[in-house]
Amino acid sequence: MSHTTVVEIGAAICPWLAVVWCLLRVATWSNLRVRGWALLAVTGAIGIAILLVPIQGLAIARWVAGRTANFSVPLTSMLAVSVCERAFGRLLFTQREWSAAWGFGAIGGLALYPMALGLSSFDPYEWGWPFSPLFVVIGLLTAWLLWTRNRFGVVLLLAAPAFQLRLLESTNYWDYLLDPIYSLVSLAWLAGWLATSTRTSLTKRYSKTLPRSISTI
């Protein structure tokens with residue numbers, strides 16, 4: 001199998017997982033009793049069939065790959081985890097690990113994309129080619145996550161061999177760690193988390209002051 005074929009297959013994995021995830025959601029809403037490998041096999045086969053449907057002479061999988069940036073290792077891994085959790089009804093990531101995954105996407109996206117798009121004269125994207133502080137920071141973060149038994153550390157660890165093997169079209173390490181879709185969804189999660197935290201804090205503060213207010217009436 002040639003390297004080009006491997007890259008093309010890799011580019012189709014993330015869209016396939018996204019389609020399977022949607023099919024699993026439909027299966028949940030339909031209250032299907034099929035679970036486990038049988039459900040995964042059926043939805044996986046349907047997902048492949050959907051991605052092979054031609055659009056403008058190209059299969060949907062090729063069409064998507066030609067119009068989007070590289071899908072990062074974390075986004076692909078998170079979709080795989082979510083698909084397995086839905087198919088088998090088991091939690092593979094705890095809330096702490098999902099928070100780490102979304103937090104990394106949000107903070108990484110804010111650190112990379114605004115400056116890479118010209119917000120400042122410094123372009124952090126250049127750090128993704130030679131050995132740079134990016135590799136050191138990600139290495140230390142990965143080691144810390146693994147040491148604290150956070151499974152998202154395994155996801156970041158997978159990005160290193162994927163980069164060395166050039167499993168994506170890109171030769172920049174940033175593209176193995178982040179992609180625009182991952183960062184946008186992560187930012188949406190961060191905004192929701194901040195809104196929920198603020199609302200909870202205000203509710204607690206109000207509940208503490210309420211008895212005092214009542215007592216002074």
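The values are calculated or read from the model by the stated rules, or taken from the named source; none is laboratory data. Fair warning: this is a prediction, and the values are worked out from it, not measured in the lab. Cβ: placed from backbone, ideal geometry, glycine included. Neighbour counts: every protein chain shown. Ligands, DNA and RNA are excluded from the accessible area calculation, which covers all protein heavy atoms including side chains. Shrake-Rupley method; radii C 1.70, N 1.55, O 1.52, S 1.80 Å.
Observations
- ³J(HN,Hα) computed for each position of region 85-92 - Karplus, 6.51 cos²θ - 1.76 cosθ + 1.60, integer Hz, glycine/proline x: 4, 6, 6, 9, x, 10, 7, 9
- Pairs of Cα atoms farther than 31 Å apart, the chain, %: 33 percent
- Between region 40-63 and region 181-200, the alpha-carbon center distance in angstrom: 32 Å
- Rounded to the nearest whole Hz, the Karplus-based 3J(HN,Hα) values (6.51 cos²θ - 1.76 cosθ + 1.60, θ = phi - 60°) of region 162-170 follow the sequence 4, 5, 5, 8, 6, 6, 10, 5, 6, with x at glycine and proline.
- Calculated from backbone phi, Karplus (6.51, -1.76, 1.60) coupling profile of region 41-53 in Hz, x at Gly/Pro: 5, 5, 5, x, 5, 5, x, 5, 4, 5, 5, 8, 5
- Separation of alpha-carbon centers, region 108-169 and region 69-97, rounded to whole Å: 19 Å
- Exposure rule at most 11 other beta-carbon atoms within 10 Å, DSSP loop chymotrypsin sites (Phe, Trp or Tyr not before Pro): the chain longest free segment: 1-121
- In terms of accessible area, using a 1.4 Å probe and ignoring ligands and nucleic acids, C84, C22, C14 rank largest first as C22, C84, C14.
- Free of any trypsin sites (Lys or Arg not before Pro) that DSSP assigns to a loop and that have at most 10 other C-beta atoms within 10 Å, the longest stretch within the chain is 150-217.
- Summing charges over neighbours of S72, with a neighbour being any other residue whose Cβ is under 11 Å away from its Cβ, gives -2 when K and R count +1 and D and E count -1.
- If you sort L39, L91, L23 by accessible surface, 1.4 Å probe, largest first, the order is L91, L23, L39.
- Accessible surface of the chain [probe 1.4 Å, protein heavy atoms]: carbon and sulfur percent: 70 percent
- Acute angle (nearest 10 degrees) that the helix 3-29 long axis makes with the longest principal axis of the chain, alpha-carbon atoms: 50 degrees
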